[in-house]
1. Only counting other Cβ atoms within 10 Å, I'd like 54, 289 sorted with the fewest neighbours first.
2. Once you place label points 7 Å from the Cα toward the Cβ at residue 545 and residue 54, how far apart are they in nm?
3. For q values of 0.12, 0.21 Å⁻¹, compute log₁₀ I(q)/I(0) with the Debye formula on a Cα-only model of segment 57-177, without solvent.
4. Which value in nm describes the separation of the simple spin-label points at residue 475 and residue 173, placed 7 Å from the Cα toward the beta carbon?
5. Quick check on packing: order 392-398, 104-110 by the mean number of other C-beta atoms within 10 Å, highest mean leading.
6. Under Stokes-Einstein, with the Kirkwood radius over Cα pairs standing in for Rh, what whole-number D in µm²/s applies to segment 4-51 at 20 °C and 1.002 mPa s?
7. Based on other C-beta atoms within 10 Å, arrange 303, 465 from fewest to most.
8. What is the gain in length, in nm to one decimal, between residue 305 and residue 417 on full extension, counting 0.36 nm per residue of separation less the C-alpha to C-alpha distance?
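Every read-out reported here was derived from the displayed coordinates using simple, explicitly stated rules and does not represent laboratory data. Since this is a predicted model, take the numbers as computed values, not measurements. Neighbour counts are summed over all protein chains in view; Cβ atoms, including those assigned to glycine, are modelled from backbone coordinates with ideal geometry.
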């Protein structure tokens with residue numbers, strides 16, 4: 001491929017040759033012809049050296065240096081934490097046939113990754129058998145499974161007249177986990193009183209109450225002999241143990257809102273990342289004290305239920321479910337079709353330049369002269385490339401050209417495997433966001449009612465959402481919370497305070513006054529929300545609350561001690 005420098009040289013030399021022929025000036029004509037012959041000869045040498053080299057690099061490695069680690073990790077699958085800075089080092093040895101050429105390399109960063117130190121780009125003159133190393137610092141700002149596909153390479157000659165683009169695959173999978181609470185910050189450590197109740201003392205100490213015995217179950221190795229029900233064991237012919245009320249763990253259900261409006265900001269960081277991180281931290285906090293935890297993920301009118309479980313396995317299942325939902329949205333919900341096709345074409349050109357090469361994927365030349373023709377040509381090239389990558393049946397590329405919905409689905413599927421930061425931040429219309437919020441709220445209320453119906457004992461329900469529940473939508477939630485509190489359950493609502501929208505006001509004083517007014521209205525609505533939820537006995541907290549862990553521990557302790565049965569406490 002010719003660079004702009006080569007095109008200008010050819011145009012000037014060609015114009016000079018034609019002018020010299022017309023004016024019969026032989027020295028100028030010979031000089032222009034010499035320049036044209038020199039460019040043609042350089043092009044032949046460049047093409048021979050590039051095309052005869054099977055690979056750009058003989059060997060290439062990417063290593064990750066953890067903070068405080070003495071050795072680097074070059075595994076294909078790595079686990080990192082969100083908002084952690086990691087040092088990435090690359091070492092490449094160019095092919096011997098490319099010696100003397102200049103190689104420009106760019107390490108393709110994953111979606112949501114930012115280079116905060118150094119640069120993922122490097123340039124060097126290739127030397128036979130000489131390795132070249134560069135490094136940079138990478139900041140991962142979003143959760144989920146991310147992919148570093150490889151390196152985009154541009155090979156040029158020494159004069160900068162020709163260039164050859166190629167993508168070198170160097171795939172590594174990154175699993176970015178949320179920053180969970182520290183292991184020592186558990187319920188058992190934060191308890192004010194760790195003295196257990198004595199045998200025979202019921203945790204609901206009320207006049208006329210029943211005994212402490214909750215149920216009789218099969219004997220498990222390690223049960224104390226004094227808990228064995230001897231009469232029942234003799235009658236059934238096998239050992240049975242008594243399960244007491246004080247030994248019953250506090251069951252918890254985490255309701256997480258991961259609806260459409262939570263992913264505004266993709267492919268970069270979005271509110272869904274913070275929601276998933278808080279859900280994982282709360283789950284780890286509760287599981288550390290051997291309490292069973294269940295998870296319910298709400299996305300519009302759809303739900304995903306994870307039953308109660310114990311220990312690290314349950315935490316692994318919960319994180320796997322959260323990361324699957326969070327990482328499945330690589331395209332913002334409000335992107336238009338033309339922008340989606342444009343970004344997919346640019347990403348495909350960056351990753352697979354050979355598939356969009358006119359020599360391999362030819363298109364009609366007359367389509368490039370008009371704007372609609374260029375879009376049509378772009379869609380035809382993209383359809384051929386996507387059909388080849390997805391191994392579609394013959395003729396499927398013609399369907400992609402004509403069917404906008406089918407092409408949109410294929411583009412989203414391609415961007416899910418090859419995330420790109422070039423996607424414009426599309427924001428859905430306000431009506432669409434309001435409709436999604438109402439549907440999600442109805443689903444949360446129904447899920448809370450169903451959770452109360454199948455609850456076995458006093459449980460803790462934690463509702464996590466980044467979108468605030470406005471006052472005109474609280475009535476349904478208040479009814480569901482009132483039902484849960486009537487059954488002696490505890491409900492806690494966690495929400496994120498919305499950031500004020502940018503105002504298109506030129507006057508700085510007017511902009512500041514409008515922002516203060518909006519912030520005052522938001523604070524007033526949130527205080528009214530706390531008051532209404534407090535009337536029915538539900539606790540309300542924000543993501544930025546410094547005492548969030550202590551509030552959750554207090555709710556668990558109320559259920560553990562039996563004092564959470566009082567209704568109508570003010571939050």
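1. With the fewest neighbours first, 54, 289 line up as 54, 289.
2. 6.3
3. -0.46, -1.17
4. 4.9
5. 104-110, 392-398
6. In µm²/s, the coefficient rounds to 190.
7. Ascending number of Cβ neighbours within 10 Å: 303, 465.
8. Details: separation 112, 0.36 × 112 = 40.32 nm, distance 2.62 nm.
Result: 37.7 nm gained on full extension.
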